[in-house]
Amino acid sequence: MIRRRTLDVSGLPDIDVSSQEPIWWGQICLCCIEGAMFCILIACYFYFRLSLDMWPPPGTQLPHVAIPTVTLILAIVSCLGSYRASEGAKKNERGAMLRGLLLNLALGCAFLILRGYAWYTLNFNWASDVHGSTVWTILGLHTMDATADLLFTAVLIVALIFGRTGRSMRLAVHVDSVVWYFLVLIWIPLYIVIYWAPRFVGAPA
Amino acid sequence: MTPVTEPPLGEIDDEGERRALERSWRRRPGIAGWFTVTTHQALGKRYIVTAFVFLLIGGVEALFMRLQLARPDNPLIGPDKYNQLFTTHGTTMMFLFAVPMMEGMGVYLVPLMLGTRNVAFPRLNAFGYWMFLFGGIFLYAGFLTNTGPDAGWFAYTPLSGPQFSPGKRVDIWAQMITFTEISALCVATELIATILKMRAPGMSLTRIPMFCWSMLVQSFMVVFAMPAVMVASNIFLLLDRTVGTHFSNAAEGGDPLLYQHVFWFFGHPEVYIIFIPALGMVSSIVETHTRRAIFGYPAMVLSLVSTGFIGFGLWVHHMFATGLPQIGEAYFTAASMMIAVASGVQIFCWIATMWSGRVHMRTPMYFVLGFVFIFVLGGLTGVMLAAIPLDLQVHDTFFVVAHFHYVLIGGALFPLFGAFYHWFPKFTGRMMNDALGKINFWILFVGFNLTFFPMHILGLKGMTRRIYTYPAEMGWGPANALATVGACIILIGGIVFIANALASRVHGEIAGPDPWDGGTLEWAADSPPRNYNFVNLPVATSRYPMWTPPEERVVVTGVRHDRREALVTTLMDAEPPIWPFITALLLGLGLVGATFRFSWYYPAFGATGIGLIGWFWPRRPEGVRS
Amino acid sequence: MTRARTLFIWAAAVALNGCGGHQQSALDSVGPQAGKIESLWWFFLWLLTAIFLIVIFATLWALTRRHRGIEQEPLERIHLPSGETEHRLTRVVAGASILTVIILFALLIASVTTGKALSELGPKKQGITVEVTGNQWWWYVRYLNGDASRIVVTANEMHIPVGRPVMLRLNSNDVIHSFWTPNLHGKRDLIPGRVNTEWIEADHPGRWRGQCAEFCGMQHAHMAMWVIAEPEDQFERWMEAQRAPSKQPSSASELRGRDVFLNNACVFCHHIAGTPAAGQVAPDLTHVGSRLTLAAGTLPNTKGNLGGWIADPQNVKPGNHMAQIDLPPGDLEPLLDYLESLK
Amino acid sequence: MRRDAALWAAILAGPLVWFISMQANFALAPWACALQWTPALFGVSFVSLAITAGSGLLAWSEWQKLGRELPGESGGAVARGRAMALGGMILSAASFLVILAQTIPHVILGACE
């Protein structure tokens, strides 16, 4: 036994489902990393565009706007699911978490399927020219991220169904929603770059 | 976390808590223990030792290059091997030595300095280490099978493109970058979360040690700089090479210059990523060995932060000869000169600290003084390089080789050696031999200047970089011979260091927790620290908790001992997990495969997903719906 | 300390004296461009050396125990000197920082002003335009002219008239190279898909060596070029000589050498004006005998070296793209005679 | 809350404005040459100088309100505010200096040199 001046912290909660958690900060860092990558790709898109006279290069159809716009709306609506899930996680309501995640997953999958269709109808590919390379890379990278996050959402749903509702589980649901907001948010400028930029800054100089 | 004004006196069952902590923080026995370690001291040490091995390998490569250049028309090493040597040397030193070494020091020291038990994400930490190790092995597997990269450590397109570098050499380089980037990003993420969220109670950001500030700034730089090299090496270069995109193909609208922009948007901050932690180490050494609080703490922090920002606005000074508009280039001259102010402020503050302190001239201080000498010289040649007209002459010559070795060896390696001598007692529990340390310093200092100072003049006299030989009539022979002699002296210095470290590890004087009477919290832990660092987490009552009188120090109670727990977060691993290793292995295999065939990315990501599910799957039902 | 310093000074002295000739040196400028850069260099060097010495002196001074006032003052509770000392140091550090800013602004202005002066040097006077194209690992040189028949093509060697600005149009056929003749000017990259320009000018006659400065692959080390500055009339004579088609063989051996050349793979890559050889991927050999060096500055242009180069190019310059041709024993000698005759 | 927002703005404005102005000028340089119109470059610089000066003043006024004292090393809201205000002032000043240095090329060089 030794006597020291002490600060007793046993009254603090184990886990706080909020932005106080390190894992939340970790996810923010992850979003910064991905965001920096997309920003660089956007900068590269315009760098290429400004160094060429024709954009998109001859023979390339402008990408259609209709379906991508629908997918964008779907993505934004799917954030509602994420939001309900994370609110449910904060309040520790299993049903709200499950319903929110399912909504997120369903709309997210619809988003990916429609995107896949729009992607399929492009008349250029990554090896056509530098416009194709850039657009396919942006699409590919974002799709990869979105797929990964939806897979994670699916795993969370399975875990919830199996009755895992501990505090770290709730934290995972909360953090999952943060990543999904980011992916939807970053998709807005990417959508504008891919589908609208060639219309506004794409006319032959 | 509000500061504690009058904490009550409490009874602490020291022995009981120690036993409980030993039990919950023990490592798994045997081989499994080796693959499942997630404590930051063990991983930090692994980073440091592995990076040191790569330093030795890179150094031997440098020695071979020096031997080849020792005399004109030397037939020792042909151009093919020489090109592989300098590319691998640069790549090793930047990606496999300097960055991982700094991160290893951060992983080891930051939780100790902050007064916590581990980093925020212990498994991510383990995963990062394995990725780094696999990346290094991958590069050297290539090098030893004569598939070492040979397009320079920055692999400019189109030389590194599919047309002019057929074969797998450049692919290995590009994918090796992916490994080390992932590793660096893992460490940066966990250090940011650790520093922002896991400080000891009472430790406001205005109280964290300078080294933690430097790691925080460095980590943010990693987060924003490393994605650029991912774009450059993994997207531009590797996709151009493997699936035929056209990012660098001028014929299809691509542009080889964009690769340079993106690469240097990473590449210049990279220099600061290496250099900023070294500044933190210098501050730690100076304040401890001058016996006074560092002078100008706010000024030093703000100059670190400024350096972190301005570091992103310098990249074009690597491209002054590419023919960009002069006015555009001049902005980068201006920024490159202004960043010198930030470094200047730090140097002035250290000198002021020494001036008003009680300097104890032990080995770490020798290395700090060597750092000041070499780094100031390198910084001033950096100012010369920032001037476009001067850069046009000396760019891509041995002048630049001299400059960046002065900056990187002077600015990072000397502080690092100082840091080894300073924290060796913490790492091992024993002191390093001080007399031998001073001899070690003088050998390295003389050898270094003998090697690199003549290169300034060689560059001005026309010797370009990356040439494997030169004709006798150029008259560069004597200075090159001198540089080679210097390189051999550096080798002797390295041997002295290793001998000192190995001997001191076994026979060195027992250090005790606080051999230097340091002020920061790492000296409160045992030497070497236990897996849980502190029996009772400390409370920071000032910037130098260890310099406050013992009766005023405060400790935390009420943290659970029966599982791995730290303040602010529950560390999630009940049992040390194997998943980080498995995930790294699967992802690593996938990435290696993807250098041969793009489709390997699909199973790579699939397997990684499975690994991550295993990693994050909640262990047991921790509670039911309320 | 003293021993180390003696060693250091000795090393610096050896380095200064033993660091090479003046035919490829940024510190022996022979043109206005390099001259301006050199002046800027000395300005930077002296100023920054002074700063370096002051910093080192201040550091060593801090270590000596001469400043007793501070030394005897006790360190307070958390190891801080008295407020007065801190105050004094703050003033010194702030002053030094402000001085640093001022010096750096001065250096910035000096640097940008020199840059402006450099860009104004070329265009004022009547100049000539030379196109330099980088190849792995040799230089293609073409003197542009409005009259296509008066264009001159050569390789790895450039003649320029003294006192007249020369505009270089720099381009590359494969990877990025960089053109650097330090006595005349700083370097400029040759980038595929773009044209960079640079003005050079020589003040007096002489020969200066230049070298590729951007790593360009296996034989980056052997990609040199000579710039030969001549008085105007001599330069014009050289141009006229270069415009002429190749010299006709004047002996039996040279005649046979020409046949050897034309009947072997040489013609796929090399061009000799006045013969059917019209290859475009390797140096033009119309006047190869008049050049100083072979294989882009690798060897002096002697008959022996030429023989060695043709017989086994991979030995002289490993990795280069010149095809090895196995000539019957009797063929090499006439071929060398012929090529050496192409003055 | 309002003070926090002001202090964060003061800290981040300088570096961000500097970075944006630098990229904008760098991207504008070829256009300024093609159109022979350098005022665009000056315009970007002056606006960014004004913003950084403003953020510096904002930090200074917050610092005034917090009692014009240097932040010590103690914790607490006031000390934190002082530290942030000091950071805002210094970072704004540093950004101002860098932007000022980057304006020098506009003065000396034409857009096409």
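Readers should treat all values here as calculations from the given coordinates under stated rules, not as data from a laboratory. In this text, all values refer to a predicted model and were calculated from it rather than measured experimentally. Note that we place each Cβ from the backbone using ideal geometry, even for glycine, and neighbour counts take in every protein chain shown.
Points worth noting:
- Isotropically averaged projected area of segment C:32-118, using the convex hull of Cα atoms (one quarter of hull area), nm²: 7.1
- Eigenvalues of the alpha-carbon gyration tensor of segment C:113-158, scaled by 5 and square-rooted, set the equivalent ellipsoid semi-axes at 25, 17, 7 angstrom, largest first.
- Note, ³J(HN,Hα) from phi for segment B:450-465, Karplus 6.51, -1.76, 1.60, rounded to Hz, x at Gly and Pro: 5, 6, 9, 4, x, 5, 4, 6, 4, x, 5, 8, x, 7, 7, 7
- Note on the protein assembly as shown: Rg/Rh from C-alpha atoms, Kirkwood Rh, equals 0.98.
- Estimated FRET transfer efficiency when R0 is 41 angstrom, pair C:V195-B:A141 (beta carbons, to 0.05): 0.45
- Debye intensity ratio I(q)/I(0), log10, segment B:220-331, q values 0.10, 0.20 Å⁻¹ (C-alpha model): -0.43, -1.06
- Spherically averaged projected area of segment B:146-250 from its Cα convex hull (nm²): 8.2
- Listed values for segment B:65-76 are Karplus-derived 3J(HN,Hα) couplings in whole Hz (6.51 cos²θ - 1.76 cosθ + 1.60, θ = phi - 60°), namely 5, 5, 5, 4, 8, 4, 9, x, 6, 6, x, 4, and x replaces Gly and Pro.
- Label positions at B:E15 and B:D517, each projected 7 Å from the Cα along the C-beta direction, are separated by 3.2 nm.
- Multiplying each eigenvalue of the alpha-carbon gyration tensor of chain C by 5 and taking the square root yields semi-axes of 56, 24, 17 Å, largest first, rounded to whole angstroms.
- Cα pair count fraction exceeding 16 Å, expressed as % - segment B:396-455: 52
- Value of Rg to Rh for segment C:252-341, rounded to two decimals, is 0.91; Kirkwood radius and Rg both from alpha-carbon coordinates.
- For segment A:22-201: relative contact order, % (alpha-carbon pairs under 8 angstrom, 6 or more apart): 33
- Computed FRET value (nearest 0.05) for C:E240 with C:I102, which takes r as the C-beta separation and R₀ as 60 Å: 0.60
- Diffusion coefficient (Stokes-Einstein, Kirkwood radius over C-alpha pairs, 25 °C, 0.890 mPa s) for segment B:307-464: 143 µm²/s, rounded to a whole number.
- Applying D = kT/(6 pi eta Rh) to segment B:96-175, where Rh is the Kirkwood radius over alpha-carbon pairs, T corresponds to 37 °C and eta to 0.692 mPa s, the Stokes-Einstein value obtained is 222 µm²/s.
- Summed over all non-identical Cα pairs, the Kirkwood treatment of segment C:129-241 gives a radius of 14.1 Å.
- Each residue of segment B:186-203 was assigned a 3J(HN,Hα) from its phi angle through the Karplus expression (A = 6.51, B = -1.76, C = 1.60, θ = phi - 60°), giving 4, 5, 4, 4, 6, 6, 4, 4, 5, 5, 7, 10, 10, 6, 4, x, x, 8 Hz with x at Gly and Pro.
- Cα gyration tensor shape for segment C:222-264, rounded if a/c is under 1.5, else prolate or oblate: oblate
- Cα-based equivalent ellipsoid of segment A:121-169: semi-axis lengths in Å, sorted from largest, via gyration tensor: 38, 9, 5
- Nearest-ten-degree value, helix B:477-507 long axis tilted from longest Cα axis of chain B: 20
- Taking amide H as placed 1.01 Å from N in the peptide plane, C:E131 has its amide H under 5 Å from the amide H of C:R142, C:Y143, C:L144, C:R169, each at least 5 places away in sequence or on another chain.
- Gyration tensor (alpha-carbon) shape descriptor, segment A:49-125, a/c threshold 1.5: prolate
- Tail fraction, Cα-Cα pairs, chain B, threshold 42 Å, whole percent: 23
- Inter-chain shielding of C:327-339 (mean C-beta neighbours from other protein chains, 10 Å cut-off): 0
- Here D:V78 and C:E86 are evaluated by their C-beta separation; at R0 = 22 Å the FRET efficiency comes out at 0.50.
- Extents of segment D:2-108, taken as max minus min of Cα coordinates on every principal axis and listed largest first, are 55, 23, 18 Å.
- Other-chain or far-sequence residues with amide H under 5 Å of C:L80's (modelled H): B:A293
- By the Stokes-Einstein formula, at 0.890 mPa s and 25 °C, chain A with its Kirkwood radius over alpha-carbon pairs has D equal to 129 µm²/s.
- Relative protection proxy for B:141-151, B:334-344, A:57-67, B:524-534, from highest mean packing down: B:334-344, B:524-534, B:141-151, A:57-67 (other beta-carbon atoms within 10 angstrom).
- Considering only D:W31, D:W63, D:W18, the mean-square fluctuation computed in a Gaussian network model of chain D, springs between alpha carbons under 10 angstrom, is largest for D:W31.
- For C:M158, nonlocal amide neighbours, meaning residues 5 or more places apart or on other chains whose placed amide H falls under 5 Å from its own, are C:W226, C:V227, C:I228.
- Each peptide in B:199-211, B:32-44, B:277-289 receives the mean, over its residues, of other Cβ atoms within 10 Å, and ordering these scores from highest gives B:277-289, B:199-211, B:32-44.
- Quarter of the Cα convex hull surface for segment B:432-479, i.e. its orientation-mean projected area (nm²): 4.5
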